[in-house]
Structure formats: C-alpha cells, structure tokens
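The values are calculated or read from the model by the stated rules, or taken from the named source; none is laboratory data. Just so you know, these numbers come straight off a predicted model, no measurement behind them. Here the Cβ is made from the backbone with ideal geometry for all residues, glycine too, and neighbour counts use every protein chain on show. Note: accessible area is taken over every heavy atom of the protein model, side chains too, but ligands, DNA and RNA are not part of it. Shrake-Rupley method; radii C 1.70, N 1.55, O 1.52, S 1.80 Å.
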Amino acid sequence: MGVTTVTDVRQAVREDGALATLFRSEQGGHEQVVLCQDRASGLKAVIAVHSTALGPALGGTRFHAYASDEEAVQDALDLSRGMSYKNALAGLDLGGGKAVIIGDPETLKSEQLLLAYGRFVASLGGRYVTACDVGTYVADMDVVARENKWTTGRSPEHGGAGDSSVLTAFGVFQGMRAAAQATWGEPTLRGRRVGVAGVGKVGRHLVEHLVEDGAQVVVTDVRADAVARITARHPRVTAAADVRALVRSPLDVYAPCALGHALDDPTVAALTAKVVCGAANNQLAHPGVEKDLADRGVLYAPDYVVNAGGVIQVADELQGFDFDRAKAKAARIFDTTLAIFERAAADGVPPAVAADRLAEQRMADRTPAARWGRPEEA
C-alpha cells in the first residue's frame, strides 16, 4: 500500500512533550497512539485511542496545519481523552479516540491521502471509529470509508448520517437552555445577549436556534465571509471585530465555537457573560480555569457534555441511522447538563469537576462488562 506506521514514539516525540503526557495516567492514560505516514500522498497523521472501556473508540478526524508535529500529537491526546468523557456522559457504549491529519487541508487534501488514511483506520481492526471534525467533511468520510468499515459521518447516499454539525448545534442549544434555567430560572435565551465566536459548521446552526428562540446574537469569526453570510441571513444579528472585542462586550452568554483553549486567563478576566456554553472542544486552556470561572460567578457548561450531539448523531449511524431517534437522544443533553449543575452545587465543585466525576464513574462501572472486542466464552 505504500503505507508506513511509525511505532517508535520515543524518537518521534520529545520526552518533555506529548510522550510524557501519554504515560502520565492523571493526564493521559491512553491505550494506544499510532503515528501514520504515507510518503506518496504526503499524509502525516496521529490516531489516539484513549479508552475502549465502554466499546470501540469513536471520534472525528481533524485536518489542521499545526505549528509542529509535537503540537499535533498533543492535540490528538487532548481531544481523544475528551471523547472518552463525552461518549460516557452521552450514554453511548463507545470509548474515546481522535485523529489528526497534519497539514493545510486547502492544499494537501487529496483522494490519495484520504484513502491512505482510511487504510490506517482499517489497520486498527475496529478499535477506532472515525468521523468528521475541523477540516474534514462528509464527502471526505465517503472516501475514507472506501478503505474500511469503521467510518461514520458519511453521506446519506452512502448509508450515513450526513452533517453531524446539525445535532452538535442542537445539543449545545439544549445545554445553553439548561444553563439559562440554572442561572435565570427559565430554559430560554429569549432577550439574552449571546456572543458566538466561530460561525462555521456548528456555529451557524447554533445561531439559527438562538434567533428562533428570541436571543440577541452577536458573532465573530476569523473568516469575514462566514460572518457576512450570517448577517445577510439574519439582519438583526450583529458582528464584533474579533474575539477580544466580543468577550469584552456586554453579554449574558459566551459561546466559543471555534478551536480549543478559548478560555484562557485573559479571556476569563475580561468576560462579562454569566454563562459560558459553546461547541468548541477543550475550551479550558489549563487546569484551574474552571475554578477561576466559578470564583467569578460564571456558570460553565462543560464543553464535552453540551457538544455531544454530533457524536450521538454519527454513533446512531452504526445501527442504521434514524434522525428522529438521534435527535431525541441529543435532546437529553438538557437533562444531563442540569444534573451536572445540580451535582456541582451539591458537592461544592465547579461543573467541569462534577462532569468528570460522573464520566469516570460510568467508565469504571462498565469496564468489566465491555466485552465488545473479546472472544466469546465457550
């Protein structure tokens, strides 16, 4: 196939970087990390399997121009761990994994590269099930699926669920309604000023829900054309110059919907919003940010809880996709988010800590029964 798997991670990743994280159980604890290379197509990818305690590790494939290979490995580790927790709290019998393809998708992506990547997914024999993420789309998954049967997020024409951003946004909206209930006593954003940072695949759908609910919406994005499409469709939606301007403007809710680490120290210090609830993965820039938010009276809806609608959607594809069934499951994000807020208040901890505890408990409880990949007993 012209495909090479890099197995000597010690030579590929510096000891003081992602490799150290991989073997620190409190931050990593990953079961398997595969570095993939196909010279003919230019593919360089990382597939990280964090946990298969509940079942095969499901998570999307991110295609991004990372500043370094080490940064790509670290992102794969962080994202795959988040998928374990996300899938556990979404009530799915699936573990957590994630893949990243290193490079600019606008210039590097090709059919040859996607097929090579599909062969790597196939080589894991079902331990990892892939889907779309930033930089990859339904059409890409259709190509990847030509090389393996462990690909979701395909087009309806190929038996798939289609664009998973639809239910991702729906789930974030349900989480935001729960945060509104906990903060203002009503599960609605009507009359609230909501700032959405990132109006790409998920953010634009979230804006639709917010406008329909009667929210005052302000948006920003690094792509001016994305903002222009939103404001042309919804003239009452306004635009902020950039994320810095958005978080400093008067807001009731801040919704980070772009890349991770949106909640760093300067952002938290500048926030005017009483609620943070968005679609981006790994929003907390470092440990302790969740406490800083709580100390400032900001209610943080854990990202991996509220953005689980997409993984619910593609997971449903594994049993023959039914949109209404998947949407009904995604609607439960409202109840799950409320339960986490209640648990956090009862335990005196930030919601992110309460969510982690609930997810870890489910993974621990189900581990002995998760026999999906083991031979049947005689």
Please identify the pairs in which a residue from region 160-186 that is free of Cβ contacts under 8 Å to residues at least 60 places away in the same chain has its Cβ atom under 8 Å from the Cβ atom of a residue that is assigned to a helix (DSSP H, G or I) and open to solvent by less than 20 Å² (accessible area, probe 1.4 Å), counting only partners at least 6 apart or on another chain. Phe173/Leu206; Phe173/Leu210; Glu186/Ala180
Considering only residues that are in a strand (DSSP E or B) and open to solvent by less than 20 Å² (accessible area, probe 1.4 Å), look in region 36-49 and name the one that is farthest from Ser165 (Cα to Cα). Asp38
Exactly one condition in (1) surrounded by 19 or more Cβ atoms within 10 Å (Cβ to Cβ); (2) farther than 19 Å from Pro302 by Cβ; (3) touching a helix residue (DSSP H, G or I) at 6+ places or on another chain (Cβ under 6 Å) is false for Val218; which is it? (3)
Give region 81-112 a look and list any residue that's of a type in the set (A, V, I, L, M, F, W, C) and either part of a loop (DSSP other than H, G, I, E, B) or within 13 Å of Tyr304 (Cα to Cα) (or both), or say none. Met83, Ala88, Leu89, Ala90, Leu92, Leu94
Is it the case that some residue within region 125-134 is more than 21 Å from Ser165 (Cβ to Cβ), open to solvent by 10 Å² or more (accessible area, probe 1.4 Å), of a type outside the set (Phe, Trp, Tyr) and out of contact with any His (no Cβ under 8 Å at 6 or more places or on another chain)? yes
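Which one of these is at pLDDT below 95, surrounded by fewer than 24 Cβ atoms within 10 Å (Cβ to Cβ) and not aromatic (Phe, Trp, Tyr): Glu111, Glu70?
Result of the check over Glu111, Glu70: Glu70.
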Counting only residues that are assigned to a loop (DSSP other than H, G, I, E, B) and closer than 10 Å to Leu293 by Cα, how many does region 263-277 have? 2
Selection count, region 160-204, where residues are open to solvent by 30 Å² or more (accessible area, probe 1.4 Å), modelled with pLDDT under 95 and not β-branched (Val, Ile, Thr): 3
May I ask you to verify whether Ala345 is open to solvent by 70 Å² or more (accessible area, probe 1.4 Å), out of contact with any Asp or Glu (no Cβ under 9 Å at 6 or more places or on another chain) and either closer than 22 Å to Ala57 by Cα or among the small types (Gly, Ala, Ser) (or both)? yes
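Residues checked against (1) in contact with a helix residue (DSSP H, G or I) (Cβ under 8 Å, 6 or more places away or on another chain); (2) open to solvent by 50 Å² or more (accessible area, probe 1.4 Å):
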site: Leu318; (1), (2): no, yes
site: Lys327; (1), (2): yes, yes
site: Ile333; (1), (2): yes, no
site: Leu338; (1), (2): yes, no
site: Arg357; (1), (2): yes, yes
Tell me which residues, restricted to region 279-294, are part of a loop (DSSP other than H, G, I, E, B) and on the phi < 0 side of the Ramachandran plot. Ala279, Ala280, Asn281, Gln283, Ala285, His286, Pro287
Scanning region 188-238 for residues that are in contact (Cβ under 8 Å) with a residue 60 or more places away in the chain and assigned to a strand (DSSP E or B) gives Arg193, Val194, Gly195, Val196, Ala197
